[in-house]
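In what follows, a structure is listed as structure tokens, so that the remarks can point back to it.
Throughout, read-outs are computed from the coordinates displayed, never taken from laboratory work. The structure presented is a predicted model; accordingly, all values stated were derived computationally and were not measured. Note: ideal-geometry Cβ built from the backbone for every residue, glycine included; neighbour counts use all protein chains shown.
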Protein chains: 2
Amino acid sequence: MSLLDTTCSTIQPLDPAAMDQARQHQDRLTKPQGALGDLEQIAIQLAGITGMLAPPLRRPTLVVVAADHGVAAEGVSAYPASVTAQMVANFLAGGAAINVLARQANADVLIVDAGVQTPIISDSPLFRAERLGPGTANLLHGPAMSSASASESIERGIRIAFDLVASGVELIALGEMGIANTTAAACMTAALTENPASLVTGPGTGISLEQVGHKISVIERAIARIPAHPAALTVLSEVGGFEIGMLAGIVLGAAVRRTPVVIDGFITLAAALLAQRLCPGAIHYCIAAHCGSEPGNQIALDQLNLRPLLRLNLRLGEGSGAALAIPLIRAAARILGEMATFGSAGVDVALKIEPIFAAGS
Amino acid sequence: MSLLDTTCSTIQPLDPAAMDQARQHQDRLTKPQGALGDLEQIAIQLAGITGMLAPPLRRPTLVVVAADHGVAAEGVSAYPASVTAQMVANFLAGGAAINVLARQANADVLIVDAGVQTPIISDSPLFRAERLGPGTANLLHGPAMSSASASESIERGIRIAFDLVASGVELIALGEMGIANTTAAACMTAALTENPASLVTGPGTGISLEQVGHKISVIERAIARIPAHPAALTVLSEVGGFEIGMLAGIVLGAAVRRTPVVIDGFITLAAALLAQRLCPGAIHYCIAAHCGSEPGNQIALDQLNLRPLLRLNLRLGEGSGAALAIPLIRAAARILGEMATFGSAGVDVALKIEPIFAAGS
């Protein structure tokens, strides 16, 4: 059995006993029941993922996977493909938005070259080469990659997740870089959710309305090749991207290792959709960080049944939303670990409050 | 001239030159223009407030002001007034939600007794006594406080802000604790925005629908005493709270000292409305952290022309939303201070990218 098949068949449901325990503990804390809103749901999910009441989520790591896309030649992006490699160099030099946001979140960064046009040469400990080629083929004219590359991209992602967890990473956040990758993500989202291109396509990092019309037409022509109810790997090979496959693999690998994964924006959502089709249970290990203005975001979130923590009108990618969500996720876990319960807070506070709060009013 | 009058007449507009500089610098950073969405607006505001391109926002401090409310006797809350003092003890012991959230945000906490029923006795360095009495009078039957107490509560808040800034605090976040204070806040919001009670009143920390109806009727009867187009201080003395006046004072004091203030939820929004009526320019120093489900939240935010950073369905108060927003606000400032510009990033990245990004597409 392939690593992909083994992985998908090994992913377990969340731990219902740990979730019940978290729910019950949540209601013993010195606050009205449910008053911490979405944070309480995240804390219960984290307990179900890890089997721990208040997982410490040590060494949170933002994995930014970069690759190029042949479809960039169709003028679907505001930027030429060469910018992908330039931005990766910026990541490795520490000067990009994601570096700043990761520092603010006390998170490490790992930059992966999944297939940038110009190979990235770096001996930085922040860098990992997993090249599947100098970018995908132009998905307008034929498959973006071979079936073998599609499987391989996912399996490499699984191994990245395994290695991260083995090195002590307890929270994985996803990011990406790849000029034209909103086109690939829109193709995948349209094909996997069976929505028309026009509903899932937007300006990406900033093309004009006229260019969006052209982008929609490119996507429509590409997905016309894809049969109804396609297999997930068919969608990836026909219209995907190396980084999208690898990100889906990281989701699957993290789920096997019972490690929470933070999903960023549109491209990582397309990866999560792919992971969902390969193994529906993997999505329970995912936390959605941000819903941006790209129209496919909400469609993907709905399909995945995920509610994003943030809506900050970001349209940068790189994992910027995921990095910003890390402190919220850690706060959710720390609440369960550090807040006083009615029983633990000592007489002056707890015993007087308990009967009042316990009335459940 | 009183401290309040002096303060209001001293508050200056934001620094337009610093804001322009921040805007221009934002567009030189290695990202598409505007791609960091709401964070960019916050960064520009912070520059206008402080006069600095990337203010370090050292020693962020969450000020939680607590007081009791005579109107609690009307059964408008799920909890009796005694819970206010018990929760303040919990804050001082470090076991409340706000203590955990402040730790996660690397923020200090200051707990202020503005008039809790049972005086808080503590020699904790986290505590400050500013008692104006053992809670307000029952606002249903007459003024909650005297005109003198109304002015005094605001002036004490101004002094708190001055002391915080003098001690090196560069970001002030607001929180509150006071059983029945959503009733006072709803009265003030209704009176100051000239909306009916039914539009601004909700379940607070958790009363039943039937109890909400009763709460609305209490609020309607209380605000019926208030004349049309009332003076801000009249609204505070008739239907306000000691903590709400003090929080408004902190906003004003912070604005004089050109220090950003993070507004939490419904009660702190009522304080911001009060500050706005006393000095409209003070609101430019405010950042809205969270919009909760209490219906008056959005009405107050609209009136203040503030857009909240978070919508997490919190209904705890204490400053929980403000604490969660602190890392986002620091991230916004750090972006301007730490990201590479096209000019600074070095040849490999910058000079190739510059002409592309600069094309403004």
Relative contact order of segment A:1-112, defined on C-alpha pairs under 8 angstrom at six or more residues apart (%)
25 percent
Grab the other residues whose beta carbon is less than 11 angstrom from that of B:K31, score K and R as +1, D and E as -1, and report the net.
-1
For B:D163 and A:R23, FRET efficiency with R0 = 51 Å and r from the beta-carbon atoms, rounded to 0.05?
0.75
About the Cα centre of chain B, how large is the charge dipole given +1 on each Lys and Arg Cβ and -1 on each Asp and Glu Cβ? Please answer in debye to the nearest 20.
400 debye
Using the alpha-carbon centroid of each, what span in Å lies between segment B:186-205 and segment A:297-317?
32 Å
What distance in nm lies between label points placed 7 Å from Cα along the C-beta direction at A:A137 and B:N106?
5.0 nm
Please report Rg (one decimal) and Dmax (integer) in Å for the Cα set of segment B:61-327.
16.2, 48
With every atom except the alpha carbons ignored, what do you get for Rg and Dmax of the protein assembly as shown, in angstroms?
26.5, 83
With each pseudo-label sitting 7 Å past Cα toward Cβ, what's the A:S2-A:S147 distance in nm, one decimal?
0.9 nm
With the dipole of segment B:61-327 defined by +1 on each Lys or Arg Cβ and -1 on each Asp or Glu Cβ, the option from B:A148, B:A73, B:L252 whose Cα lies farthest towards the positive pole is B:L252
Which is farthest toward the positive dipole end of segment A:205-293 among A:T205, A:I216, A:V239, measuring Cα position about the Cα centre, with Cβ charges +1 (Lys, Arg) and -1 (Asp, Glu)?
A:V239
Shielding by partners - mean other protein chain Cβ count within 10 Å, residues of B:332-343:
4
Cβ neighbours within 10 Å from other chains - mean over A:26-39
6
Compute the signed sum of charges (Lys and Arg +1, Asp and Glu -1) over the other residues within less than 10 Å, Cβ to Cβ, of A:L57.
+3
Percent RCO, i.e. relative contact order, over chain A, from Cα pairs under 8 Å lying at least 6 residues apart:
24 percent
Gap separating the Cα centres of segment A:27-44 and segment B:3-69, nearest whole Å
31 Å
Antiparallel bridge percentage (DSSP; both residues within the protein assembly as shown; nearest 5)
5 percent
Using a 4.7 Å cut-off between beta carbons, which cysteines in chain B end up with no partner cysteine at all?
B:C187, B:C286, B:C291
Taking R0 as 56 Å, what FRET efficiency do you get between A:A129 and B:R225 from their Cβ-Cβ distance, rounded to the nearest 0.05?
0.15
Highest average packing first - A:117-130, A:226-239, Cβ atoms within 10 Å:
A:226-239, A:117-130
Between B:T10 and B:L199, what is the label-to-label distance in nm when each label sits 7 Å out along the Cα-to-Cβ direction?
3.7 nm
Which one, A:C291, A:Q276, A:M52, projects farthest toward the positive side of the charge dipole computed for chain A from Cβ point charges (K/R +1, D/E -1)?
A:M52
If every Lys and Arg gets +1 and every Asp and Glu gets -1 at its Cβ, then about the Cα centre the protein assembly as shown yields a dipole, in debye to the nearest 20, of 340 debye
Counting partner chain Cβ atoms within 10 Å of every residue's Cβ in B:71-84, what's the average?
2
Collect residues whose amide H, placed 1.01 Å from N in the peptide plane, falls under 5 Å from the amide H of A:A173; neighbours closer than 5 in sequence don't count.
A:T61, A:L62, A:V63, A:V262
